[in-house]
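Data first, discussion second: the structure below is written as structure tokens.
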Amino acid sequence: MAENSTPANTDQIIAFDGKHEAASAALALVETAQREICFMGSQLDAVLLDSPSLIDCIKQLCINSRRSQIRLLVDETQSSIINSHRLLPLISKLTSSITVNILSDKYKRPKNLLLLVDHSGYLRCLNNQRYMGQANLHDPLTVRELKQQFEECWNHSSADMATRRLHL
């Protein structure tokens with residue numbers, strides 16, 4: 001990843017293979033967020049979504065913009081609650097900005113991980129067991145296609161009430 005790049009000139013694919021590279025790509029992507037972050041996976045992914053730096057970026061986005069929207073779409077949240085995922089306290093505090101929904105039976109068990117930022121950036125792992133995939137900080141056409149898939153799943157999902165409460 002280029003250190004001095006800006007979203008305007010980062011229309012290149014960032015390939016990654018492994019947890020650390022995937023986490024770095026996710027952080028780089030979330031750091032560019034201005035308004036919206038969408039995530040879809042089988043659970044609140046510990047590798048991509050549980051780093052203090054990434055959680056701080058999400059928190060700042062929510063605090064700095066009342067219109068910010070973080071949408072998390074998963075199969076279940078019980079494992080995240082049991083493992084004390086670091087994102088949970090933020091979810092329970094910022095309920096107007098962060099929403100967690102549960103996939104409908106029709107879309108259960110996604111094999112991939114998907115992270116979309118605004119209308120320009122994406123990260124996807126084609127297999128949620130291996131952190132091998134690609135990201136791009138500026139690819140509006142691909143994001144539009146992936147967002148349509150996300151919206152289809154979101155429209156058939158239901159709100160997760162378990163993440164609205166702070167579990168200590």
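FYI, it's all coordinate maths here, none of it is from the lab. Model, not experiment: these values are computed from the prediction. Methodologically, a virtual Cβ is constructed for each residue, glycine included, from the backbone with ideal geometry; neighbour enumeration extends over all protein chains shown.
The figures follow:
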| read-out | value |
| --- | --- |
| Potential extension, V47-R164 segment - 0.36 nm per residue separation minus Cα distance | 39.9 nm |
| Pairwise FRET efficiency - R35 versus Q129, Cβ, R0 = 35 Å, nearest 0.05 | 0.65 |
| Within the range 19-122, percent of DSSP bridges classed antiparallel, to nearest 5 | 40 |
| Residues of the range 38-72 with amide N under 13 Å of a point placed 7 Å along Cα→Cβ from S96 | 62-69 |
| Rounded to 10°, Cα long-axis angle of helix 19-31 versus longest principal axis of the chain | 90 |
| Length released on extending from Q78 to D17, taking residue separation times 0.36 nm less the Cα-Cα span | 19.2 nm |
